[in-house]
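The values are calculated or read from the model by the stated rules, or taken from the named source; none is laboratory data. Please read these numbers as outputs of a predicted model, since none were measured by experiment. In this analysis, Cβ positions are derived from the backbone assuming ideal geometry, glycine residues included, and neighbour counts consider all displayed protein chains. Side chains are part of the model used for accessible areas, which takes the heavy atoms of the whole protein and leaves out ligands, DNA and RNA. Shrake-Rupley method; radii C 1.70, N 1.55, O 1.52, S 1.80 Å.
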Amino acid sequence: MEAALLSLQPFPSSATQRRLSPFNLHNTLTRPSSYAPLRAQKSGITEGSDSALEAKVSEQEVGMYQNEVVESQGIRIRRRPPTGPPLHYVGPFEFRLQNEGNTPRNILEEIVWHKDKEVAQMKERKPLYSLKKALDNVPPAKDFIGALRSAHQRTGLPGLIAEVKKASPSRGILREDFNPVEIAQAYEKGGAACLSVLTDDKYFKGSYENLQAIMEAGVKCPLLLKEFIVEAWQIYYGRSKGADAVLLIASVLPDLDIKYMIKICKILGMATLVEVHDEREMDRVLAIEGVELIGINNRNLETFEVDLGITKKLLEGERGELIRQKDILVVGESGLFTPEDIAFVQEAGVKAVLVGESLIKQSDPGKAISTLFGRDVSE
Ligand SMILES: O=P(O)(O)OC[C@@H](O)[C@@H](O)c1c[nH]c2ccccc12
């Protein structure tokens with residue numbers, strides 16, 4: 001890989017436009033650190049110039065150190081310091097020993113720091129060039145957004161993304177007898193438009209094997225890679241395991257990363273679900289070109305607090321107007337348990353919902369869909 005990663009230099013300030021190939025992007029897109037500046041890079045392309053990307057970088061971002069970018073965008077989730085947490089750091093839920101920044105301040109930060117390490121290890125075992133081959137052997141990505149839109153048109157209710165979720169840090173184990181393929185098939189039969197498959201092992205008891213098994217079982221619903229994406233490498237890996245769409249969390253990723261990752265997904269034929277939780281994140285994401293699908297997470301991933309009013313608040317007034325103008329599809333995420341909850345977020349303006357807990361906890365997760373919507377939404 002030629003892309004130069006000069007860890008102590010900012011972007012060259014003259015580089016307002018850079019040409020990148022999807023296969024060296026992963027280097028430039030390694031998740032920036034709040035402790036390390038954005039990686040400088042060469043402007044020339046080596047590999048795959050046919051599919052070269054034109055990436056416009058705003059003058060403001062060019063030349064800024066990453067921690068400044070992160071601060072200027074109000075991103076609270078910091079990157080793992082290169083030295084890692086201090087030695088006296090004692091474990092996942094122990095936040096008492098906070099100090100000058102090298103102990104994670106909340107669960108999301110902790111997950112992201114862990115992800116940085118995990119991805120570094122996975123990448124060593126499967127570098128990007130070897131993933132490239134694997135990509136030729138997976139069926140082309142399915143139309144995730146199209147499936148949501150047509151389910152909405154067919155039923156008059158929000159299109160459902162049903163989540164294959166065994167556990168979560170806030171709720172613990174949600175379902176003991178957990179067969180991902182059976183659950184996926186039950187969801188599909190029950191009328192889900194798309195599925196979300198958690199692949200994080202440590203905090204959600206998910207896996208890429210689950211994703212692959214669901215794809216290989218011939219499930220027709222498009223699949224969302226439900227991961228904490230910190231590097232573009234994960235997107236390629238997810239595609240090689242059958243993902244048709246990817247979650248990008250705005251509180252974790254600076255705008256520049258979101259832009260690049262959207263472009264990579266487009267090249268791979270995948271959709272991106274960009275997740276927001278407050279007005280500032282919504283405004284950032286609405287300013288990013290190419291965003292077609294926005295998720296409003298009713299759960300605060302730093303505190304686990306759930307409030308359906310978040311969806312309503314973020315879709316009111318000018319924001320809602322802009323979203324309609326841009327024809328962006330909005331997904332209401334988390335904490336949806338009853339037909340009244342569905343009606344509430346639909347009234348607020350969502351055309352799709354992402355639901356895990358309330359479905360996965362039922363003995364028949366497919367039938368649970370009818371209970372959740374108040375009627376049968378299968379064909
Ligand atoms: O189980 P719930 O409350 O229905 O939530 C599903 C989904 O919205 C939630 O799992 C989720 C939304 N965004 C995330 C980001 C990371 C991990 C998990 C999530």
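Selection over the range 268-288 of residues that are within 16 Å of the ligand (Cβ to nearest atom) and open to solvent by less than 30 Å² (accessible area, probe 1.4 Å) gives a count of 9.
Would you mind finding the one in F304, F337, F344 that is surrounded by fewer than 21 Cβ atoms within 10 Å (Cβ to Cβ), within 12 Å of the ligand (Cβ to nearest atom) and modelled with pLDDT of 95 or more? Give the derivation first.
Numbers: F304 fails: modelled with pLDDT of 95 or more; F344 fails: within 12 Å of the ligand (Cβ to nearest atom).
Criteria check complete, one pass: F337.
The residues of the range 188-236 that are part of a helix (DSSP H, G or I), within 27 Å of R375 (Cα to Cα) and either in the same structural domain as I107 (by TED's automatic domain parsing) or more than 16 Å from the ligand (Cβ to nearest atom) (or both), listed by number, are E188, K189, I214. Filtering the range 208-221 to residues that are in contact with a Pro (Cβ under 9 Å, 6 or more places away or on another chain) and open to solvent by less than 20 Å² (accessible area, probe 1.4 Å) leaves L211, I214.
If I ask for residues that are surrounded by 14 or more Cβ atoms within 10 Å (Cβ to Cβ) and in a helix (DSSP H, G or I), which ones from the range 100-119 would you list? Before the answer, list the steps.
Taking the range 100-119 and keeping what is surrounded by 14 or more Cβ atoms within 10 Å (Cβ to Cβ), we get 102-116, 118-119.
Correct list: I107, L108, E109, E110, I111, V112, W113, H114, K115, D116, E118, V119.
If the requirement is being of a type in the set (G, A, S) and either away from the ligand (no atom under 14 Å from the Cβ) or crowded, with 17+ Cβ neighbours inside 10 Å (or both), which of these qualifies: G172, G156? First the steps, then the outcome.
Values: G172 fails: either away from the ligand (no atom under 14 Å from the Cβ) or crowded, with 17+ Cβ neighbours inside 10 Å (or both).
So the residue among G172, G156 that is of a type in the set (G, A, S) and either away from the ligand (no atom under 14 Å from the Cβ) or crowded, with 17+ Cβ neighbours inside 10 Å (or both) is G156.
The condition of being in contact (Cβ under 8 Å) with a residue 24 or more places away in the chain and assigned to a strand (DSSP E or B) holds for only one of I258, I262, I294, that being I294. Candidates are the residues of the range 352-370 that are in contact (Cβ under 8 Å) with a residue 12 or more places away in the chain and away from the ligand (no atom under 11 Å from the Cβ); the one that is farthest from T155 (Cα to Cα) is D364.
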